[in-house]
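Q: Sharing a structure with you now.
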Amino acid sequence: MIQYTMEDSNYIKIFTGDFIIVQRIIDELKAINIHAIVKDTTESARLAGFGGGILPGFQEVFVNKDELDQAVLVVQSITSQLDT
């Protein structure tokens, strides 16, 4: 049996954070035609009946490695606004 994980794919994690920031990042990425994947381990565990995850309410954003440079600029722009 072959197991497929996110680590084996062409996708790379660019951000981990709360739902609101993740949604803003996703919206900005869509605006420049980058389709990201959101991984929510807490929600996945809840749906499977295992309870919460390590970081409740936190999600991970993955993008294709070919779009990494553009996506990182979006994340940096958004997170730098939060620091001010």
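Q: In region 40-78, how many residues are at pLDDT 90 or above, of a type outside the set (Ser, Thr, Tyr) and touching a helix residue (DSSP H, G or I) at 6+ places or on another chain (Cβ under 9 Å)? Spell out the reasoning first.
A: Step one: filter region 40-78 for residues at pLDDT 90 or above, giving 59-78.
Still in the running and of a type outside the set (Ser, Thr, Tyr): 59-76, 78.
Cutting the leftovers down to touching a helix residue (DSSP H, G or I) at 6+ places or on another chain (Cβ under 9 Å) gives us 59-64, 67, 70-71, 74-75, 78.
So the count comes out to 12.
Q: While we're on this one: Out of all the residues in region 21-35, which are part of a loop (DSSP other than H, G, I, E, B) and open to solvent by 80 Å² or more (accessible area, probe 1.4 Å)?
A: ASN33, HIS35
Q: Can I ask one more? What tally of residues in region 8-32 results from selecting those that are among the aromatic types (Phe, Trp, Tyr) and free of Cβ contacts under 8 Å to residues at least 12 places away in the same chain?
A: Residues in region 8-32 being among the aromatic types (Phe, Trp, Tyr) and free of Cβ contacts under 8 Å to residues at least 12 places away in the same chain: 0 in total.
The values are calculated or read from the model by the stated rules, or taken from the named source; none is laboratory data. Since we're looking at a predicted model, the values are computed, not measured. Glycine gets a Cβ as well: all are built from the backbone with ideal geometry, and neighbour counts include every protein chain shown. Heads up: the accessible areas ignore ligands, DNA and RNA and are worked out on the full protein's heavy atoms, side chains in. Shrake-Rupley method; radii C 1.70, N 1.55, O 1.52, S 1.80 Å.
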